[in-house]
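Below you'll find the structure, written out as structure tokens, and then a few comments.
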Amino acid sequence: MAMDSTTNPMMRSAPKPWWKEPWPWIVIGLPGSMVVIGFALLGIAIRNGDDVVNPHPYERGLAVGGVILKAREARAMHLQGNLRDEDGVLTLRVVPAVQDATVSLHLEHPFRASLDVDATMRRIGPGTYEAKVPLQAVQYSAQVQTANWSMSGRWQPGSTGLLQPGESQPTGVAPLDQ
């Protein structure tokens, strides 16, 4: 009777080493790929921090008190302003005309604090101020102020924005009666 290799235990081939088998690599690969993905997500989270959280709410609250006093002064002066841009040059017209040499402009980006714009606008005529600033096509929360008065409102490049005395509100929040 002749024996073939399937029935004779002595004629079987030697087992392969474990690293030549596919199953250990599948078992190691699945958790290993999750570790790689986890580190990739951690890197993305570190590079793209969330700017929505205000790190100093107490200090911001103290600053709002000063803005409210300046808004009251602007209201007493019956000030209104129009903000528009032409080719990256912002023009502010204040009515009635004020004689301040400069005004401070703060444009708050709706999503990223790192894209906020702060500029000093210089007077080019009675009640008219200009500044050259880089802008994005988003709706900014705009605030213009001097040492004595403050106006704010919503503004988007390419349109004319009306600024009035008062504290600007975050996107989606109704303005408060003052």
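The values are calculated or read from the model by the stated rules, or taken from the named source; none is laboratory data. Just so we're clear, the structure is a prediction, and the values are computed from it rather than from any experiment. Here the Cβ positions follow ideal geometry from the backbone for every residue, glycine too, while neighbour counts run over all protein chains shown.
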message: Where the second residue is surrounded by fewer than 15 Cβ atoms within 10 Å (Cβ to Cβ) and at pLDDT 75 or above and the first is closer than 15 Å to VAL98 by Cα and basic (Lys, Arg) and lies in segment 59-78, which pairs have Cβ atoms under 9 Å and are six or more apart or on separate chains?
response: LYS70/ALA147; LYS70/ASN148
- request: All but one of (1) within 28 Å of the chain's Cα centre (by Cα); (2) closer than 16 Å to ASN148 by Cβ; (3) surrounded by fewer than 10 Cβ atoms within 10 Å (Cβ to Cβ) hold for GLN99, so report the exception by its number.
  value: (1)
- request: Go through the residues of segment 147-158 one by one and say whether even a single one is assigned to a loop (DSSP other than H, G, I, E, B), modelled with pLDDT under 85 and among the aliphatic types (A, V, I, L, M).
  value: no
task: Kindly indicate whether any position in segment 144-164 is of a type in the set (A, V, I, L, M, F, W, C) and in contact with a helix residue (DSSP H, G or I) (Cβ under 8 Å, 6 or more places away or on another chain).
output: yes
query: Looking at (1) within 26 Å of ASN48 (Cβ to Cβ); (2) in contact (Cβ under 8 Å) with a residue 24 or more places away in the chain; (3) of a type in the set (S, T, N, Q), can you tell me which one ASN82 breaks?
result: (1)
query: Looking at LEU107, is it surrounded by 15 or more Cβ atoms within 10 Å (Cβ to Cβ) and under 27 Å from the mean Cα position of the chain (by Cα)?
result: yes
- line: Among residues of segment 122-134 being modelled with pLDDT of 90 or more and among the aliphatic types (A, V, I, L, M), the residue farthest from GLN99 (Cα to Cα) is ALA131
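Looking at ALA137, ALA142, ALA119 in this structure, which one is at pLDDT 85 or above, under 30 Å from ASN48 (Cβ atoms), within 20 Å of the chain's Cα centre (by Cα) and in a loop (DSSP other than H, G, I, E, B)? If you could, list the steps in order and put the result at the bottom.
Working: ALA142 fails: in a loop (DSSP other than H, G, I, E, B); ALA119 fails: in a loop (DSSP other than H, G, I, E, B).
Selected residue: ALA137, the only one of ALA137, ALA142, ALA119 that is at pLDDT 85 or above, under 30 Å from ASN48 (Cβ atoms), within 20 Å of the chain's Cα centre (by Cα) and in a loop (DSSP other than H, G, I, E, B).
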- request: Check GLN169 against each of (1) surrounded by fewer than 17 Cβ atoms within 10 Å (Cβ to Cβ); (2) modelled with pLDDT of 85 or more; (3) not in a strand (DSSP E or B) and name the one condition it does not meet.
  value: (2)
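Residue-by-condition table, conditions (1) surrounded by fewer than 15 Cβ atoms within 10 Å (Cβ to Cβ); (2) at pLDDT below 90:
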{"residue": "GLY38", "(1), (2)": "yes, no"}
{"residue": "GLY49", "(1), (2)": "yes, yes"}
{"residue": "VAL67", "(1), (2)": "no, yes"}
{"residue": "VAL94", "(1), (2)": "no, no"}
